[in-house]
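A short write-up of the structure that comes next.
The values are calculated or read from the model by the stated rules, or taken from the named source; none is laboratory data. This is a predicted model, so every value here is computed, not measured. Counting neighbours? That spans all protein chains shown, and the Cβs are built from the backbone with ideal geometry, glycine included.
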């Protein structure tokens with residue numbers, strides 16, 4: 001994400017911890033995009049791994065309504081209602097949120113592909129494709145075959161390297177390192193933003209709030 005077309009007044013970095021199946025992260029990403037579009041400067045966004053359920057088996061998925069009901073003690077009807085509310089919030093932000101038949105599972109491999117994309121300079125495009133696949137297109141971001149197909153849609157990623165990554169434990173350490181860093185920062189939920197390595201914000205903050213923090217970081221010198 002960059003604020004293309006603007007006069008660059010300050011190079012800014014935003015670190016984001018998120019999971020690709022987290023609806024609040026999907027919404028928070030859009031709010032950040034809107035904030036950057038209004039910011040008079042250049043912004044680099046770096047994505048970090050945070051798994052909602054790192055203990056989830058890699059070979060098992062469940063419906064999102066089942067997961068929500070079990071996690072928060074809801075009835076299935078209440079879980080569906082929560083998804084409907086999220087769909088309405090997403091629509092207000094200009095996003096499509098299709099929850100019918102949505103599945104939940106282990107996202108470790110998806111995060112490993114995001115790390116690969118970081119090394120190839122196309123991380124944001126990979127993150128965007130995974131969010132859109134999961135929340136809009138109804139495609140799996142869990143099984144290797146689907147992940148490989150999604151990754152090869154991202155310009156700059158080599159299909160053979162993608163396949164080799166998924167068939168190995170490549171970038172596993174980087175994913176674990178991201179999550180350990182989040183825990184060290186006290187992060188217990190996502191999305192979590194760190195602006196200019198100084199200002200932390202938790203949750204899907206509105207675009208105007210994110211913009212205010214970007215502008216504050218640009219205006220305030222870093223203490224020596």
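Which helices (runs of 4 or more DSSP H) sit wholly inside region 22-128 and have at least 3 residues that are within 15 Å of the chain's Cα centre (by Cα) and in contact (Cβ under 8 Å) with a residue 60 or more places away in the chain?
Numbers: elements: 23-38, 64-72, 76-92, 108-119.
In region 22-128, 23-38, 108-119 are the helices (runs of 4 or more DSSP H) which contain 3 or more residues that are within 15 Å of the chain's Cα centre (by Cα) and in contact (Cβ under 8 Å) with a residue 60 or more places away in the chain.
Applying the selection to region 185-206, what residues are within 21 Å of residue 222 (Cβ to Cβ) and out of contact with any helix residue (DSSP H, G or I) (no Cβ under 8 Å at 6 or more places or on another chain)?
Matches in region 185-206: 185, 194, 197, 200.
Quick check on my filter: what residues within region 197-214 are in a loop (DSSP other than H, G, I, E, B) and within 19 Å of residue 19 (Cβ to Cβ)?
To start, the set of residues in region 197-214 that are in a loop (DSSP other than H, G, I, E, B) comprises 197-198, 203-206.
Once the filter is applied, which keeps residues that are in a loop (DSSP other than H, G, I, E, B) and within 19 Å of residue 19 (Cβ to Cβ), region 197-214 yields 203, 204, 205.
Among the residues of region 107-118, is there at least one that is modelled with pLDDT of 95 or more and surrounded by fewer than 18 Cβ atoms within 10 Å (Cβ to Cβ)? Let's see the steps before the verdict.
So the first thing to find is which residues in region 107-118 are modelled with pLDDT of 95 or more, and the list is 107-118.
Still in the running and surrounded by fewer than 18 Cβ atoms within 10 Å (Cβ to Cβ): none.
No, every residue in region 107-118 fails to be modelled with pLDDT of 95 or more and surrounded by fewer than 18 Cβ atoms within 10 Å (Cβ to Cβ).
Inspect region 181-196 for any residue being assigned to a helix (DSSP H, G or I) and loosely packed, with under 14 Cβ neighbours inside 10 Å and give the result as yes or no.
Of region 181-196, the ones assigned to a helix (DSSP H, G or I) are 181-184.
This time we only want the ones that are loosely packed, with under 14 Cβ neighbours inside 10 Å, so: 183-184.
Yes, the conditions are met somewhere in region 181-196.
Given (1) assigned to a helix (DSSP H, G or I); (2) surrounded by fewer than 18 Cβ atoms within 10 Å (Cβ to Cβ), where does residue 170 come up short, assuming only one miss?
(1)
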